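The block underneath contains the structure these notes are about, expressed in structure tokens.
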Number of protein chains: 2
Amino acid sequence: MVPHLITALNGPINELEQRILESMPAIERWFRLEWMEHTPPFYSSVDVRNAGFKLAPVDTNLYPGGFNNLTPEMLPLAVQAAMAAIEKICPEAKNLLLIPEKHTRNTFYLMNVQRLVQIFGAAGLNVRLGTLDDSITEPTRLALPDGSELTLEPLLRSKRRLGLKDFDPCTILLNNDLSAGIPKVLEGLHEQYLLPPLHAGWAVRRKSQHFQAYEEVAKKFAKLLGMDPWLINPMFAKCGKVNFQDGTGQECVQSHADALLGKIRRKYKEYGIQEKPFVIVKADAGTYGMGIMTVRDAKDLDELNRKARNKMSVIKDGQEVSEVIIQEGVPTYERMNDAVAEPVVYMIDRYVVGGFYRVHAERGIDENLNSPGASFVPLAFAESHHLPRPGEKPGASAPNRFYMYGVIGRLAMLGASYELEATDPDAEVYE
Amino acid sequence: MVPHLITALNGPINELEQRILESMPAIERWFRLEWMEHTPPFYSSVDVRNAGFKLAPVDTNLYPGGFNNLTPEMLPLAVQAAMAAIEKICPEAKNLLLIPEKHTRNTFYLMNVQRLVQIFGAAGLNVRLGTLDDSITEPTRLALPDGSELTLEPLLRSKRRLGLKDFDPCTILLNNDLSAGIPKVLEGLHEQYLLPPLHAGWAVRRKSQHFQAYEEVAKKFAKLLGMDPWLINPMFAKCGKVNFQDGTGQECVQSHADALLGKIRRKYKEYGIQEKPFVIVKADAGTYGMGIMTVRDAKDLDELNRKARNKMSVIKDGQEVSEVIIQEGVPTYERMNDAVAEPVVYMIDRYVVGGFYRVHAERGIDENLNSPGASFVPLAFAESHHLPRPGEKPGASAPNRFYMYGVIGRLAMLGASYELEATDPDAEVYE
């Protein structure tokens, strides 16, 4: 099933789809050559927005949740990709320690953890769960909606290694994005593989750094295909010190928003796009859709009411917003019946393993679909992104569209590789 | 769907299944470590026989046909594995030249070729077909039963490279087992990757060398699991110079068959197996089920009639039999309704990508199911080998059985790796 794209079938996206399909061998070759120079993140998910005239990643998650939204048919692909990933990192591995988020009452999230346990178990590892929650001091069972259960165990830290009771892992896999900062227990683990590395967590990571790296990737890719990088690249700007409560730095946000809206307007004009531009203002660090604002006119920022100021001041785990990113808004025009649908692409190592649509009936096309309480319905991609059908009419073939989303997802993932290289505190500098 | 296994559910195979499932992390780790030292064949298929008391590979094909028998659900796995394989061998590849068998009238085989074109195309390569058939001097279209078509092109050989008109491939993939000898056109291609290597073809390859290498693998694996290697290893012997027409070397075959039958008898006694032992006599080189004989008593070899002598004297492409392998017969006790079912496991690179059962109503449990005219019905594995379910009752779970078959298939593939290393004419010797 492909959600219906409400924009015209002759739009730039169909040209892009056609060009991507025609260039498939060149694209795959390009990715292979990039992976010779860069290491893909261990796993990732990318939110993609298809505006009909533009197709772009808007969020790249290096601690993906939602693996439970993939279909059973996608699972073997995930297992095979996990085997490839493990083989490269720690072929001698027997044990994998998985550290999930603390919110143990969110059963949707727990189903994701269960799915990860299943994937890495089927890839041939003993998987156990360790928690960063200090209040858990002995093995604790958590019931899942499907009747199964998970056991969370307290972490055991020695001077050099991290494990559980009678469990010494080769690899520690974080499914916790470290929004609350880097826990001491994870520091200085030089004998074990900690994945993703600590600087991929929101304690260090910045969206602006990601999109700067992505821009580089998008430009290279656009050159390969002979197209305007803007078609796949959301423009952005950032402000360093912002406090919406007392108005600090609001001027910076306002001037950047204004400039960005102007740039978008010019691009829309160039392509004859009849849309009202908008920008998204959000925290430069952090996730979970808190602290996100849609701005259509920079003047609107003058009139923020108390509620809006509060919303923009708190993100996950109570961090105060201080850095913000102002990003070109990409409307999503995919619809399932009347509901807005946003594709999400899942990757393990360099492989796209599946994807689904976030379908949300109550949200607008220019709103964030992953906001708190967003009761989206996951709708798994119905056909494989691995089996495009060249020659089919652009815009009408689900496998072709999924292949295209897989390409965009991988571009964002490659952007994350560039980003993590640039921000690696242990990187050796040869210059 | 799992074919019904007619042997008792408490037999050694269920113990084996249980031990394999319990040892999954150890097994996967062992494979990972083996692949650090050895290179898997580019692709392979393995015929497995499940006797209830013994589970063993009986044929390892390094030029697998039958990819068309895999389900559409297995295709993405094949594509992903093909991506991994290409990446390791020739990441800069744009073009793949596929050289199929010459028998262009066998539409089943052509459907296999079409499937390979699809898999490597979806992995991001321009795939074209070159033929070793000299009578094809210009691009020739072949119609397929599904209405599609394939184009065979004449090969173009320069001094150093092989290609087609306007097509210079990085990699040449053989789906032709070279039973007729090594064609001149394939010799001396030092600038391109020729896969599998020439010494994997039946012009050079010997089953006895494969099973000698497999024995080594089976012993290592049995040590890992603490079990008798015989449970997964078919015993064998070989005779160098045999001509069934004039009786040359018949004595060698007879004495080896007699000795092997005695060894099997002792093993059957040790395990309390109430079966009549048999051995298979077949050409040590070659494939396609020609020249295969079931022997239950060495004396039977005295009384071969003319028909049997003729049958044993010709194999594919008219090669005379001169070397034979005498192999322990492993009955297959899997049944679909009343029909004998033999599992076949398909692999690309180190990954099991799928499998199917050869279901044959007219054959006995001790006969070869891949013989000429064998009108077997392919029945694809209904569930993934990638998702075993530890804890389910041994012998009753399809995913668990498929996982076990995948392990045996990979052991045989690893055997082929050892074999190709041992027989590599260009190998550097460090001793």
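Spin-label model, A:Thr137/B:Thr294: points 7 Å from Cα along the beta carbon direction are separated by 6.9 nm. Less than 5 angstrom separates the built amide H of B:Leu194 from those of B:Ile172, all sequence-distant by 5 or more or on a different chain.
Give me the extension gain from A:Ile182 to A:Arg105: residue separation times 0.36 nm, minus the current Cα-Cα distance, reported in nm with one decimal. Full-extension gain reported as 25.5 nm. Scan around B:Ala380 for amide H atoms under 5 Å from its own, H built in the peptide plane at 1.01 Å from N, and keep only partners 5 or more places away or cross-chain. Those qualifying (amide H under 5 Å, at least 5 residues apart or on another chain) are B:Tyr357. With a 10 Å cut-off around each Cβ of A:82-89, the average count of Cβ atoms from other chains is 4.
Our Cα-only numbers for the protein assembly as shown put the radius of gyration and Dmax at 29.9, 103 Å.
Each copy carries a label point for B:Asn310 at 7 Å from Cα along the beta-carbon vector; from one copy to the others these points are 9.5 nm apart, nearest first. Charging the Cβ of each Asp and Glu at -1 and of each Lys and Arg at +1, and nothing else, the dipole of the protein assembly as shown about its Cα centre rounds to 580 debye.
Taking all protein chains as present, what is the carbon and sulfur share of the accessible area of the stretch A:67-200, in % to the nearest whole number, probe 1.4 Å? Mind dumping the intermediate values first?
Details: 2960 of 5740 Å².
Its accessible area is 52 percent carbon and sulfur atoms.
Simple rule: put +1 on each Lys or Arg Cβ and -1 on each Asp or Glu Cβ in the stretch A:67-200, find the dipole, and look at A:Ala81, A:Asn175, A:Pro154; the Cα lying farthest toward the positive end is A:Pro154. The B-A contact accounts for roughly 3300 square angstrom of buried accessible surface, both chains included, probe 1.4 angstrom.
Treating only the Cβ of Lys, Arg, Asp and Glu as charged (+1, +1, -1, -1), what charge dipole size does the stretch A:238-324 show about its Cα centre? Round to the nearest 20 debye. Numbers along the way, then the final one.
On the way: 16 positive and 13 negative charges, 66 e Å.
Around 320 debye, computed over the stretch A:238-324.
Residues of the stretch A:40-81 buried by at least 40 Å² of accessible area upon assembly of all protein chains, compared with the chain on its own (1.4 Å probe): A:Pro76, A:Leu77, A:Gln80. Each of A:Tyr268, A:Ala257, A:Val324 was placed along the dipole of the stretch A:238-324 (beta-carbon charges, centred on the mean Cα), and the one lying farthest toward the positive end is A:Tyr268. Compute for chain B: radius of gyration divided by Kirkwood radius, i.e. Rg/Rh, restricted to C-alpha atoms, rounded to two decimals. Result for chain B is an Rg/Rh of 0.95.
Legend: residue pairs B:Lys219/B:Lys267; B:Lys207/B:Lys263; B:Lys54/B:Lys102; A:Lys54/A:Lys88; A:Lys88/B:Lys54, Cα-Cα distance threshold 25 Å; pairs beyond threshold, B:Lys54/B:Lys102; A:Lys54/A:Lys88; A:Lys88/B:Lys54.
Across all directions, the shadow cast by the convex hull of the stretch A:238-324 built on its C-alpha atoms averages 5.8 square nanometres. Bridging of B:Lys220 to aspartates and glutamates at a Cα separation below 19 Å is possible for A:Glu92, B:Glu15, B:Glu17, B:Glu22, B:Glu28, B:Glu34, B:Glu37, B:Asp228, B:Glu419, B:Glu421, once same-chain residues fewer than 8 apart are set aside.
Residue-wise HN-Hα couplings along the stretch A:331-336, as the Karplus relation 6.51 cos²θ - 1.76 cosθ + 1.60 with θ = phi - 60° gives them from phi, are x, 9, 10, 7, 10, 10 Hz; Gly and Pro carry x. Estimate the FRET efficiency between B:Ile89 and B:Asp302 by the formula 1/(1 + (r/R0)^6), using the beta-carbon distance for r and 51 Å for R0, to the nearest 0.05. So the FRET efficiency works out to roughly 0.50. Summary for A:Lys269: label point 7 Å along Cα→Cβ; distances to the equivalent points in the other copies, ascending, 9.7 nm.
The overall shape of the stretch B:67-200, judged from the alpha-carbon gyration tensor, is oblate: a/c is not under 1.5, and a/b is no greater than b/c.
Shortest first, A:Asp134 label-point distances to identical copies amount to 8.3 nm, with the label point at 7 Å from Cα along Cα→Cβ. With no solvent and one point per C-alpha, what does the Debye sum give as log10 I(q)/I(0) for the stretch B:144-199 at q = 0.16, 0.29 Å⁻¹? For the stretch B:144-199 at q = 0.16, 0.29 Å⁻¹, log10 I(q)/I(0) is -0.56, -1.33.
Solvent exposure of the stretch A:67-200, expressed per residue, is 43 Å² of accessible area, with all protein chains present and a 1.4 angstrom probe. In a simple Cβ point-charge model (Lys, Arg +1; Asp, Glu -1; nothing else charged), the stretch B:1-149 has a dipole of about 60 debye relative to its Cα centre.
Evaluate peptide B:19-30: per residue, the Cβ atoms of other protein chains within 10 Å of its Cβ; return the mean as an integer. Mind dumping the intermediate values first?
Numbers: counts 0, 0, 0, 0, 1, 6, 10, 3, 1, 10, 12, 1.
Mean number of neighbouring Cβ atoms from other chains: 4.
Working note: Debye formula, equal point scatterers on the alpha-carbon atoms of the stretch B:105-177, no solvent; log10 I(q)/I(0) at q = 0.27 Å⁻¹ is -1.51.
The values are calculated or read from the model by the stated rules, or taken from the named source; none is laboratory data. Note that the structure is predicted; figures quoted are calculated from it, not measured. Note that each Cβ is placed from the backbone with ideal geometry, even for glycine, and that neighbours are counted across all protein chains shown. Side chains are part of the model used for accessible areas, which takes the heavy atoms of the whole protein and leaves out ligands, DNA and RNA. Shrake-Rupley method; radii C 1.70, N 1.55, O 1.52, S 1.80 Å.
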